[in-house]
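Let me begin by presenting the structure, written as structure tokens, before commenting on it.
The values are calculated or read from the model by the stated rules, or taken from the named source; none is laboratory data. Small disclaimer: the values here were computed from a predicted structure and weren't measured. For neighbour counting, all protein chains shown are included, and Cβ atoms are generated from backbone atoms with ideal geometry for every residue, glycine included.
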Amino acid sequence: MLTNRKVYLDHNATTPIHPEVKKAMVAAMATFGNPSSLHEYGRVARLLVEDSRAALASFIGADPKEVVFMGSGSEANNTVLNLFSCAGFRKCEVVGCSLGKKEVITTKIEHPCVLESAACLAERGAVVHFVGVDRYGKINLDEFKQKLSENTGLISIMMANNEIGTLQDVKELCRISHAKGALFHTDAVQAVGKIPVNVKDLDVDYLSLSGHKIYGPKGIGALYVKKGVQFCPFICGGHQEHGRRAGTENTLGIVGLAKAIEMRKKEMIGEHERVLKLKMLLKQGIEENIPDVQFNGHPTDSLAGTLNVSFLGAEGEAILLYLDLEGIAVSTGSACASASLDPSHVLTATGISQEQAHGSIRMSLGRETSLEDINYVIKKLIKVIKHVRKISTVASGDRHG
Ligand SMILES: Cc1ncc(COP(=O)(O)O)c(C=O)c1O
């Protein structure tokens, strides 16, 4: 039976457009000029792009010239990983990245757009190390230090994990990496706009972010590229973005991203406390009412709104579908991998069993999540888990063989 009540707990997959972002984008539709055109139509569009760049740069502590607009977070990440196979990058002396540097380090829990780009590099002759994580998703520091050497050219480690919310100490990892002369990239798609991020304080060389995770539009992202650090365009054939990303600028998306950033600046801090409180209530409601559960991700050093939980003896996909019938949207694994029935690579890397990984769901709260929503979700979860466990093939033992 379908319900009229809707509770959206999938903010790590994407977020609803902020009303102010929508307003700004609708207004910007009147500006149709090509920002590269020299006439007035073009100049007006150029102003929108550059004002937006300045707003974004100021939010992350960068210089506007260090911000390159991209089509998505995935494109920003691909661009950085692709730098490694670029001859110019391998020869770069400014940052000590000589031709001899053939190694890349990343982790086992990165977003697929990093993992698969890294795997491509390996096919093209790079030595790629996928460093493991502990039970809570924190990088194994000893293993990281062991893999890091004078041969390491590039390191890519995410700031906040999209499935379990665990935060990495990017500042410290970057410091260790720089001491060996390696360049450092962080995928901050799930972090920017949720926790304070300052590129100068972190001292990262590259940082990726995305519009649709912070109540902005889809199809717009950005890459921070530290001044003086080597860069090769991933998309070639145009002078846009100072020759760093070809293609006519997505003016509407850029305006939407800048407005989303402006709203994050106003709302982020207060929202963090509120969302964290709601998540703890949700966690408590589950702990007190549902037996055989296990929470995944770091208990404290994680995104305020992300709760990943395994329900033993139940299938995550079945839980998702029954919750959907109650109007509640959650996810299993990452949004782009959730059509796959393979257990999440992130949960597997934390060392939990296949059965626990199969029985996990991710609930990610956001700016519109209310206490009533949380109480409703707890009530429905109790019913759904009871039902799914009864019908689950896992519970009947079919999958134990
Ligand atoms: C950690 C992380 N990196 C990268 C991406 C890709 O961003 P986009 O959807 O903008 O391509 C996502 C999206 O799920 C993500 O969560």
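A single member of L281, L257 is at negative phi and in the same structural domain as R46 (by TED's automatic domain parsing), and it is L257.
Might you let me know whether segment 171-179 holds any residue that is crowded, with 23+ Cβ neighbours inside 10 Å and within 13 Å of the ligand (Cβ to nearest atom)? Within segment 171-179, not a single residue is crowded, with 23+ Cβ neighbours inside 10 Å and within 13 Å of the ligand (Cβ to nearest atom). Can you confirm whether V67 is out of contact with any Gly (no Cβ under 9 Å at 6 or more places or on another chain) and crowded, with 16+ Cβ neighbours inside 10 Å? Yes.
Taking segment 325-401 as the region of interest, the helices (runs of 4 or more DSSP H) fully inside it that hold 3 or more residues being modelled with pLDDT of 95 or more, outside the structural domain of G216 (by TED's automatic domain parsing) and within 16 Å of L307 (Cβ to Cβ) are 371-391.
The set of residues in segment 140-185 being over 22 Å from K226 (Cβ atoms) and not polar (S, T, N, Q) consists of L141, D142, E143, K145, K147, E163, I164, G165. Every test in (1) basic (K, R); (2) buried (at least 23 other Cβ atoms within 10 Å of the Cβ); (3) under 27 Å from F84 (Cβ atoms) is passed by K259 save one, and that test is (3). Considering the conditions (1) surrounded by fewer than 24 Cβ atoms within 10 Å (Cβ to Cβ); (2) among the polar types (S, T, N, Q); (3) in a loop (DSSP other than H, G, I, E, B), N162 is excluded by exactly one of them, (1). Of all residues being assigned to a loop (DSSP other than H, G, I, E, B) and within 19 Å of the chain's Cα centre (by Cα) in segment 300-322, which is surrounded by the fewest Cβ atoms within 10 Å (Cβ to Cβ)? Just the residue, please. The residue in question is T300.
Taking G165 as the residue in question, decide whether it is out of contact with any Lys or Arg (no Cβ under 9 Å at 6 or more places or on another chain) and within 19 Å of H345 (Cβ to Cβ).
On the way: out of contact with any Lys or Arg (no Cβ under 9 Å at 6 or more places or on another chain): no; within 19 Å of H345 (Cβ to Cβ): yes.
So G165 fails the test.
So that you can scan it fast, the table gives a plain yes or no per residue for (1) within 16 Å of the ligand (Cβ to nearest atom); (2) at pLDDT 95 or above; (3) surrounded by 23 or more Cβ atoms within 10 Å (Cβ to Cβ); (4) outside any helix (DSSP H, G or I):
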residue: E20; (1), (2), (3), (4): no, yes, no, no
residue: T31; (1), (2), (3), (4): no, yes, no, yes
residue: L38; (1), (2), (3), (4): no, yes, no, yes
residue: R43; (1), (2), (3), (4): no, yes, no, no
residue: A57; (1), (2), (3), (4): no, yes, no, no
residue: E93; (1), (2), (3), (4): no, no, no, yes
residue: G100; (1), (2), (3), (4): no, no, no, yes
residue: A122; (1), (2), (3), (4): no, no, no, no
residue: G125; (1), (2), (3), (4): no, no, no, yes
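The number of residues in segment 260-316 that are of a type in the set (D, E) and in contact (Cβ under 8 Å) with a residue 40 or more places away in the chain comes to 5.
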